[in-house]
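The values are calculated or read from the model by the stated rules, or taken from the named source; none is laboratory data. The model shown is predicted, which means the values in this text are computed figures rather than measured ones. Glycine also receives a Cβ, built like all others from the backbone with ideal geometry; neighbour counts cover every protein chain displayed.
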Amino acid sequence: MPTWSALVVDDDPGIRQSLRLCLEADGARVLGVGSAPAALEAIDRGRYDIVLLDLWLGKESGLDAIPELLARQRDAAIIVITAFATYESAVDAMKLGACDYLPKPFTPDQVRASTKRALDSVRLRQRLAEAETRLEQAGAGDERFETDSSSFRTLLKQAARVAATDVPILLRGESGTGKNVLARWIWQHGVRADGAFVSVNCPALSIELMNSTLFGHKRGAFTGATSDTIGKVQEAEGGTLFLDEVGDLSADAQARLLRFLNDRSFERVGEAVERHADVRLIAATNRNLEEEVRAGRFREDLLFRLNVVTLVMPPLRERLEDLRGLVHHYLARAADRLHRPAYPLSEPAERAVLAYAWPGNLRELRNAVERALILSPGPRIELDDLGIPPAPADAAQPAAAEVALGADVSIEALEREHIARVIARATTLEAAARILGIDASTLQRKRKRYGLT
């Protein structure tokens, strides 16, 4: 059963036949045509993962067909083949959208290598598109990823794209910003979602047991090693290993981790047998690793290997637009777990939440909300229940029932009032979203944020 499809466009029947046999042997469904119009007609009738396109089709340039082919099927990978290979024609092909260039005469191995690269490119683009779709749907399942912050939404788009790849990721940010939550989200929406997610809290490991925990040990390797034990690296085989606060690793553990990242090999403590593991690594830190390198506490070469893609989690004080939604999320979770009503916040409590800097970030907010729900007798959560300072006298007030253009109110208050009025007169939420010029999911987030549900 063919697993992928290829369109061969060449005016030489012999070339079409040899390519067809080669590609079919690799599991492709193949159609061969001899001209650009025939290629466009074929693209209109069916989908092709790869198009192998001759540079010259009789007296016509095959390059002229590339834009039209991609316009009709933008995710197709085009490989240009030619007996008249020049640097200039290769550059022209790439500029027009070709992904590879194959000079004639070519061997079956060269064809296989080129088509493999092209297929990898096609599948990566498909995974990236799927990741973007999953990002749009993520908020429906976890309000921590529903956001009105443009910077945080940019971060999530980057996370969705990198989730579709298999490269190491370094998550940076202050303590409590949710780096571990983002790491798990990347795993759940990534290419290794079917594999294990193994988390290691590096500061909790003693120096003596750090290498054993990560890479395992052989029986008798040290006092208390009564049996052979696999480490977290081997436990994560085929999946994702998350090293939380990687800056706390000892020098020896850093050296072992660097070796593993370089060639996927490691040795258990007390054993001279080289082992291998296929693992995707995500690391997190709240430290400035560049300063740690300068101080001699962290290896520069390890930083380079970890730092292939860096995502920086913003502190909560830079996501003030999301505070109301996050409070609602943590209240709902705590109420469900504690079997208590999700009391709303009083006006002074809400003003204090919006004015407070939250140095402990999401962790501090979650703990404050849970504490308040436990202590509050109801029917509202008061400022004293939260245990945070009151808002300054000049802090922004919540939106009043009605506001007017030019009144002494915030833009946020105007937005709330405008959305409320549009929803009130629109026949459906979809219609309200169209009037407001936003999509329905954004409207839903804003309804939650402003308490308009």
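The set of residues in the stretch 166-180 being in contact with a helix residue (DSSP H, G or I) (Cβ under 7 Å, 6 or more places away or on another chain) and over 27 Å from residue 358 (Cα atoms) consists of 168 alone.
Scanning the stretch 176-229 for residues that are part of a loop (DSSP other than H, G, I, E, B) and either under 29 Å from the mean Cα position of the chain (by Cα) or not assigned by TED's automatic domain parsing to the domain that holds residue 276 (or both) returns 176, 177, 178, 189, 190, 191, 192, 193, 194, 195, 196, 205. Contact map, the stretch 434-453: first residue closer than 19 Å to residue 353 by Cα and in a helix (DSSP H, G or I), second residue at pLDDT 75 or above and hydrophobic (A, V, I, L, M, F, W, C), Cβ cut-off under 8 Å, separation 6 or more or different chains; pairs are 446/419; 446/438; 447/419; 447/423. Checking 284, 342 one by one, the residue that is touching a residue at least 40 places away in the same chain (Cβ under 8 Å) and either over 25 Å from residue 445 (Cα atoms) or in a loop (DSSP other than H, G, I, E, B) (or both) is 284 and no other. Is it the case that the stretch 59-73 has a residue that's touching a Lys or Arg at 6+ places or on another chain (Cβ under 9 Å) and either among the polar types (S, T, N, Q) or at pLDDT 90 or above (or both)? Taking every residue of the stretch 59-73 in turn, at least one turns out to be touching a Lys or Arg at 6+ places or on another chain (Cβ under 9 Å) and either among the polar types (S, T, N, Q) or at pLDDT 90 or above (or both). Residues of the stretch 350-359 include none that is assigned to a loop (DSSP other than H, G, I, E, B), over 16 Å from residue 322 (Cβ atoms) and more than 36 Å from the chain's Cα centre (by Cα). For the stretch 421-443, the set of residues classified as at pLDDT 80 or above and under 20 Å from residue 328 (Cα atoms) consists of 442, 443, listed by residue number. Within the stretch 265-281, the set of residues being free of Cβ contacts under 8 Å to residues at least 40 places away in the same chain and not in a loop (DSSP other than H, G, I, E, B) comprises 265, 276. In the stretch 251-264 there is no residue that is farther than 19 Å from residue 201 by Cβ, touching a Ser or Thr at 6+ places or on another chain (Cβ under 6 Å) and either assigned by TED's automatic domain parsing to the domain that holds residue 189 or touching a residue at least 24 places away in the same chain (Cβ under 8 Å) (or both). Within the stretch 29-42, at least one residue is buried (at least 17 other Cβ atoms within 10 Å of the Cβ), within 19 Å of residue 117 (Cβ to Cβ) and not small (Gly, Ala, Ser).
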